[in-house]
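Bear in mind that the values in this text are calculations on the coordinates, not laboratory data. These numbers were taken from a predicted model, which means no experiment stands behind them. As a convention, Cβ positions derive from the backbone with ideal geometry for all residues, glycine included, and neighbour counts pool all protein chains shown.
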Amino acid sequence: MTNHHLSRRAFLASAPLALAGCHRDLLSIPPPPPAQEITGPGSLRQHAAQHILLYGCAVNVKLLSTDPAYADLVRTQSSILVAENAMKWGPLRPTPTTFNFDQADALVAFVEQNRLKLRGHNLLWHRALPAWFAAYANRANAEQLMLQHIDQVAGRYAGRMHSWDVVNEAILPSDGRSDGLRNSPWLQLLGPTYIETAFRAARAADPQALLTYNDYGIEGEDPAAQRKRDAVLLLLRRLKTRNVPIDAMGIQSHISAGPRHVYGPGLMRFLADLRELDLQVFLTELDVNDRDLPLKPTGARDEAVAATYRQYLDLVLREPAVRVVLTWGITDRATWLNGEDARADHQPERCLPFDRDYAPTPAFFAMRNSFDRRPAIRAAL
Ligand code: XIL
């Protein structure tokens, strides 16, 4: 290694004699930012931006309006946001004939005041359906219900969204269908073409948003993940062949720390297949579940979580089609992992780039370093 590659500090430490009498200003090496600088040029958003990446996070809209420190953290680290829940059917649809846009509108206002981008999540999912849905929806009214929802919701924010998750989690090979589709209420009511119909409706409602198919469980090297990737590719190829408007694949990236969890060539092959289909790739819901790690010592747990962020991002960011990375939350104070998929000991997870007191965790620095290590991407892509 030449001196050129050493950090200023390492260089100074390694050559005290050679430097004796040499004025600091004569050194051409720019001083590194102080280690504690984590905003502005030290933020995740700025490190990501240097590598054709948008970094952002899922937000709790209520916290944004009640906790100024949380709002500050979100604003300084992110260039793109997504509502953790506020744009799902449940919150938006109090009754079959009405909409409540209060929270969604508040988020759009926050994003526009701070000149951030916004993803919509999501237009169709088998979960978060309102309580009235099961009794109200039937084969006769379901298509109208779906089309009206997409038209009203995507239409309301048309031209202002970076992207929309049009369909979320529609693949589940273990449901046993040859096409790999999940036996969701939408499938039961409308048949397999509901996906295509939804994408066409979303394009009509907001021609500018990038339309995304989003799913989980495709990250690992285990046979179940490989089956899921195969089934997702089958769906995406079918959509592309039929000229369905779709621009991106969202890989949720709810991953886990611990020796059982590995990320590798199967995922990279999948990413290359997506690129060959002309799809961008967004990591939409990244977090690292620490439930397979011992609780103590906390430092070792944090390092293992950070190592998983590092391994996953170093791998995935090699693929030029990857353009967006969002974590599902930004602070351990507000993470869904303490509810679903919680640790067996019920202790709080340490899964995100900031801890409960909004201090950066080893995961923050691991993410930032992985962004920095991203290989150069050709501008043509
Ligand atoms: C989760 C939210 O984080 C929770 O607050 C809510 O109770 C359930 O949904 N995949 C998705 C997200 O696409 O919408 C889910 O969000 C997490 C898994």
Debye intensity ratio in log₁₀ form over the Cα atoms of the range 167-249, taken at each q of 0.15, 0.24 Å⁻¹: -0.53, -1.24
Set of lysines near K62 by C-alpha distance (under 25 Å), chain-local residues within fewer than 8 positions excluded: K88, K117
Orientation-averaged projected area, Cα convex hull of the range 272-330 (nm²): 4.6 nm²
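Based only on Cα atoms, what Rg/Rh ratio does the range 185-228 have, Rh being taken as Kirkwood's radius?
Result for the range 185-228 is an Rg/Rh of 1.12.
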Acute angle (nearest 10 degrees) that the helix 102-113 long axis makes with the longest principal axis of the chain, alpha-carbon atoms: 40 degrees
Shape box of the chain [Cα atoms, principal axes, largest first, Å]: 85, 48, 43
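Where does the chain land at 222 nm, in deg cm²/dmol rounded to the nearest 500, when only DSSP H runs of n ≥ 4 count, each adding -39500 (n - 2.57), divided by all residues?
Mean residue ellipticity at 222 nm (helix-derived): -11500 deg cm²/dmol.
If the viscosity is 0.890 mPa s and the temperature 25 °C, what translational diffusion coefficient in µm²/s does Stokes-Einstein give for the range 338-381 when Rh comes from Kirkwood over Cα pairs?
Value of D from the Cα-based Kirkwood radius: 189 µm²/s.
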Cα-based equivalent ellipsoid, the range 245-379: semi-axes from gyration tensor eigenvalues, Å: 27, 15, 14
Folded to 0 to 90 degrees: helix 194-205 orientation relative to the chain principal axis, Cα: 70 degrees
Using θ = phi - 60° and Karplus 6.51 cos²θ - 1.76 cosθ + 1.60, couplings along the range 176-192 (whole Hz; Gly, Pro as x): x, 7, 5, 8, x, 6, 5, 7, 7, x, 5, 5, 5, 7, 10, x, x
Under the Debye formula (equal points on every Cα, no solvent term), log10 I(q)/I(0) of the range 67-122 at q = 0.20, 0.22, 0.27, 0.30 Å⁻¹: -0.74, -0.85, -1.11, -1.24
Per-peptide average of other Cβ atoms within 10 Å, ordering 145-158, 69-82 highest first: 69-82, 145-158
Spin-label zone in the range 286-323 - amide nitrogen under 19 Å from a point set 7 Å from the Cα of Q347 along the C-beta vector: 288-308
Gain in span if fully extended, R160 to N338, counting 0.36 nm per residue against the direct Cα distance: 60.8 nm
